[in-house]
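Down below is the structure, laid out as structure tokens.
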Amino acid sequence: MPDLSALRRAISALERSSACERGDLFGFGAPEIDGALGGGIRRGALHEVYARKETDSAAASGFGLCLALRAARDRPLVWARQDFLDLETGALHGAGIAAFGGDPAKILVVRPGDAAGVLRAAGEAARCPAIGAALLEVWGAPKTLDLKASRRLGLASEKSGVTLVMIRRAAAPEPSAAQSRWSVAAAVSTALQDNAPGRPAFDIELLRHRSGLPPRAFRLEWDRDSLSFAAAPLSRSVAAVPADRPARPAGGGLRRRAG
Amino acid sequence: MPGLIARDHEPDEDAALLARFAEAADRWTPLVALDPPHGLVLDVTGCAHLFGGEAGLRDDVLKRFRTGGFSIRACLAGTPDAAKALARFGRVAIVPTGGEAAAVRPLPIAALRLEEVERAALSLAGLKRIGDLADIASAPLAARFGEELSSRLRRVLGRDDIRITPLRPPPAVRVEKRFAEPIAHQEAIESALGELASRAAALLEETGRGGRRFEAGFFRTDGAVRRIAVETGRPSRDVRAVLRLFRERLDALADPLDPGFGFDIVRLAVPTVEPLGQTQPGLDGKAVEEDELSDLVDRLAARFGAERVLRFSAADTHDPARASRLAPAPAVSRREAARPEQEAGEPPLRPLQLFEPPQPIETLAEAPDGPPLRFRWRRALHRVVHAEGPERIAGEWWRAPNQPTRDYYRVEDDEGRRFWLYRAGLYERETARPRWYLHGLFA
């Protein structure tokens, strides 16, 4: 059937070659998840991060920033978020971003008043090749954010190579043109000595992947020194003993002191 | 008179109307000054030929104001004071060069705009007209009626000439396009702006400068003027970039550009300029990236307003709220701010998101100086499983005295959410019942 094969060829030409599809990937840094994803997820594409519950918003923002930092490779970031989110979960904190491994001097924050503004700001950022990655944070399910809008963002991002990470809060996953879609919840961290909260930990679930990978869940910890993820130990009961120092300093108090 | 409508005098409204007239008068000359309560002074030096000579210019001014339903008197003279006096009290339309003295002589002394007391004093002395004063030697006049009168007289007679102080200083570069047939369509407006931008760019290039602020003025046929400005983060004379900014700005206007019956003048002014040499990108492309980023900031600022496009500016302080602030992007220097180095292997000690002001919470404290076991925030109860602290941050007494000391704790609840809490006030030293607050959320 020559007609059918010609059609297939035409379609594959339209959908771009699989080589391009694989093209430029960025991994998570943890072999388990990179292996499952075949190396990582695409740079220069739109990825979606859903907060599993409203209370997981901070975790979703954090995970989104992790992805953006890994995709951006030291280039500047643009972070567009609706202005009223500052009341919901607090304003972005530069010292906190620095403590997370990012460089606040390289982040441009845009605070439009509505979701349409966020999409427009992200569209502008996606057309600027000097940007490494752009984060866009949208609350709820605004009408302006439809399949067409996400498709447009995806195309702009593909053209310029700017990775887009869309953080959706208080929204149920819905169809979009995103390359991958993740659901993120906060996870209990591996406690440090004296029961101190450990590195940021996330329970993430791959909901959808463009190349048809099956849904999978991972538990990851973020290492801000190497800007990479590590698989978190699933067991909660045993606290990890630091390798480079004694588990408990001699004569140490009951509580780990900070500052 | 039953049909007479009486209204209270509203000086503020009058002043606003006069300001609008001054904007509209910008079409004749860039040098416009207010002469309150109801006058405008236009310096038309070198402008008259654009309107068919001085008579043509005056006719145009009269015609436009009368079309708007206002009664107006206008006079052209060599000095501003002579023109002001003649417009109010004289019958001369245009004073020939050097003819000011002769023209103002018949005017009453009220044309000098003196105080009532001085006018009465002059009347008592039998001096009724400016001509009477002009004949007296200035020294005795000043001795009797004050130096002020003498200098006013000299100015009205055209012996002294002072410049007017224009409302808006003339821009460094100004180009304009006039339309015999007023334009109203967006394409026509954009193409006019495009032409003006390339003319302005050529002028800027000749002098080796670039604009930091571009201001488009749209003059409607009915006299209304709309000015729209865009700013750039670095000096620019890139026609396409400037046009793109204008397009963003026009697109984002809360009240759109209303052409009414059309614009008959479109003007582009560049009030702020900076030196800008010829540049070429370096081989590493670093400079290009910087420029692209700066253009992106300009476009975003044109669209959303400068107060919504922000960068972090670091301050050397322990106060978490002041340590990193978001400020309009162009105002923040790109200099790397010194940040405390964090120990490798440590988790982040500062939250990603910070509440300002901090949110009050209800707590069940473990001990007077320990982290809470449970706390309630936004009606949800959180059970603390991991905690670290305290990190004590004292208030900056040199800014605001008597701020309680804060003991910060990093806590994690049983669902893995990490919070930054603090207790305000040292127990028993600063307060008997310390209050707890949630200051930030960790990822």
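Flag: residue B:325 does not match the condition of being at pLDDT 90 or above, of a type outside the set (Ser, Thr, Tyr) and within 24 Å of residue B:441 (Cβ to Cβ). Of everything listed in (1) under 27 Å from residue B:157 (Cα atoms); (2) surrounded by fewer than 18 Cβ atoms within 10 Å (Cβ to Cβ), the single unmet condition for residue B:31 is (2). If the condition is being within 7 Å of chain B (Cβ to nearest Cβ) and not small (Gly, Ala, Ser), then segment A:193-218 contributes A:195, A:197, A:199, A:200. Of everything listed in (1) touching a residue at least 60 places away in the same chain (Cβ under 8 Å); (2) under 30 Å from residue B:17 (Cα atoms); (3) assigned to a helix (DSSP H, G or I), the single unmet condition for residue B:190 is (1). Identification of strands (runs of 3 or more DSSP E) wholly contained in segment A:1-120 with 3 or more residues that are within 14 Å of chain B (Cβ to nearest Cβ) yields A:77-81, A:107-110. Taking (1) touching a Phe, Trp or Tyr at 6+ places or on another chain (Cβ under 9 Å); (2) at the interface with another protein chain (Cβ under 7 Å from one of its Cβ atoms); (3) aliphatic (A, V, I, L, M) in turn, residue A:170 satisfies each apart from (2). Among the residues of segment B:240-281, the ones that are farther than 13 Å from residue B:229 by Cβ, among the charged types (D, E, K, R) and crowded, with 17+ Cβ neighbours inside 10 Å come to 2 in all.
For first residues located in segment B:155-181 and within 15 Å of residue B:218 (Cα to Cα), partners that are in a loop (DSSP other than H, G, I, E, B) and lie 6+ apart or on another chain with Cβ distances below 7 Å form the pairs B:174/B:30.
Out of B:145, B:179, I need the residue that is among the aromatic types (Phe, Trp, Tyr), surrounded by 15 or more Cβ atoms within 10 Å (Cβ to Cβ) and either modelled with pLDDT of 85 or more or closer than 30 Å to residue B:30 by Cβ (or both). Which one? Among B:145, B:179, only B:179 is among the aromatic types (Phe, Trp, Tyr), surrounded by 15 or more Cβ atoms within 10 Å (Cβ to Cβ) and either modelled with pLDDT of 85 or more or closer than 30 Å to residue B:30 by Cβ (or both).
Restricting the first residue to segment B:59-81 and requiring it to be on the phi < 0 side of the Ramachandran plot, which pairs with a second residue that is among the hydroxyl-bearing types (Ser, Thr, Tyr) meet a Cβ separation below 8 Å and a spacing of at least six or different chains? Listed pairs, sorted by first residue: B:78/B:97.
The values are calculated or read from the model by the stated rules, or taken from the named source; none is laboratory data. Here the structure is a predicted model, which is why all the values come from computation and not from measurement. Neighbour counts run over all protein chains shown; Cβ positions are idealised from the backbone, glycine included.
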